[in-house]
């Protein structure tokens, strides 16, 4: 019986629905080319490992583990990125519900949180991500940088929201002006979705 492989997630909006903040061309290339590439790569690696194990042959374990981490990390992080955005008409200006309360508690204001998150995102060295995380031990929100897809992750800190600051996420629309893309991102955040996810993460962690 063939094992399941990874697939691109369905988007909850059309390719042109995030305009003017993310163009149709930018979104389509990012989703169909870059994210699909990570999915294809991780599936190829899984199929190669399955075949080697069935045949009792070896493969380059170090290289494979590194490639698997990179491509699977890319797939998972992009999944967050797609579902946490929505059309400008549906996006809220600020967090809502219990997530809003937690942000106010830990950052003192949404404005302060937005400033810190934007700075973390804008200062990622090379390609990577910024992510809002939650620590169950201290019950605190935090912000971390992720280089590439898999470097500098904090183990066991679930991701609440993330922004992709690889150049492929914004270059067609904003050229090398990453800060403008980050500013635009705040206009298409689905705070209702993120509040629901935050409550689920916190409840599951106990």
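The values are calculated or read from the model by the stated rules, or taken from the named source; none is laboratory data. The shown structure was predicted, so the numbers you read here are calculated from the model rather than taken from an experiment. All Cβ positions, glycine included, derive from the backbone under ideal geometry; neighbour counts span all protein chains shown.
The listed residues are 90, 115, and the only one of them that is at pLDDT 95 or above and more than 20 Å from residue 192 (Cβ to Cβ) turns out to be 115. Per the conditions (1) surrounded by 14 or more Cβ atoms within 10 Å (Cβ to Cβ); (2) assigned by TED's automatic domain parsing to the domain that holds residue 196; (3) more than 14 Å from the chain's Cα centre (by Cα), the sole criterion not satisfied by residue 90 is (2). If you filter region 120-138 down to residues that are in contact with a helix residue (DSSP H, G or I) (Cβ under 8 Å, 6 or more places away or on another chain) and surrounded by fewer than 21 Cβ atoms within 10 Å (Cβ to Cβ), you find that the one that is farthest from residue 101 (Cα to Cα) is 127.
Every residue, every condition in (1) surrounded by fewer than 16 Cβ atoms within 10 Å (Cβ to Cβ); (2) at pLDDT 95 or above; (3) out of contact with any strand residue (DSSP E or B) (no Cβ under 7 Å at 6 or more places or on another chain), yes or no:
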{"position": "149", "(1), (2), (3)": "no, no, yes"}
{"position": "152", "(1), (2), (3)": "yes, no, no"}
{"position": "181", "(1), (2), (3)": "no, yes, yes"}
{"position": "200", "(1), (2), (3)": "yes, yes, yes"}
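Under the condition of being under 21 Å from residue 123 (Cα atoms) and in a helix (DSSP H, G or I), the residues counted in region 176-199 number 10.
Could you grab me the full set of residues in region 15-33 that are outside any helix (DSSP H, G or I) and surrounded by fewer than 12 Cβ atoms within 10 Å (Cβ to Cβ)? Explain how you work it out, then say what you get.
Taking region 15-33 and keeping what is outside any helix (DSSP H, G or I), we get 15-23.
Result: 20, single match.
Taken over region 95-109, the criterion of being within 11 Å of residue 189 (Cβ to Cβ) and over 19 Å from the mean Cα position of the chain (by Cα) is satisfied by 96 alone. Of all residues in region 54-69, those satisfying the criterion of being in contact with a helix residue (DSSP H, G or I) (Cβ under 8 Å, 6 or more places away or on another chain) and in a helix (DSSP H, G or I) are 64, 67, 68. Return a yes/no flag: does region 34-53 have any residue that is outside any helix (DSSP H, G or I), over 23 Å from residue 160 (Cα atoms) and not assigned by TED's automatic domain parsing to the domain that holds residue 165. Checked region 34-53: no residue is outside any helix (DSSP H, G or I), over 23 Å from residue 160 (Cα atoms) and not assigned by TED's automatic domain parsing to the domain that holds residue 165.
Considering only region 78-174, give the strands (runs of 3 or more DSSP E) lying wholly within it that have at least 2 residues that are in contact (Cβ under 8 Å) with a residue 60 or more places away in the chain.
Numbers: elements: 128-135, 140-147, 159-164.
So the answer is 159-164.
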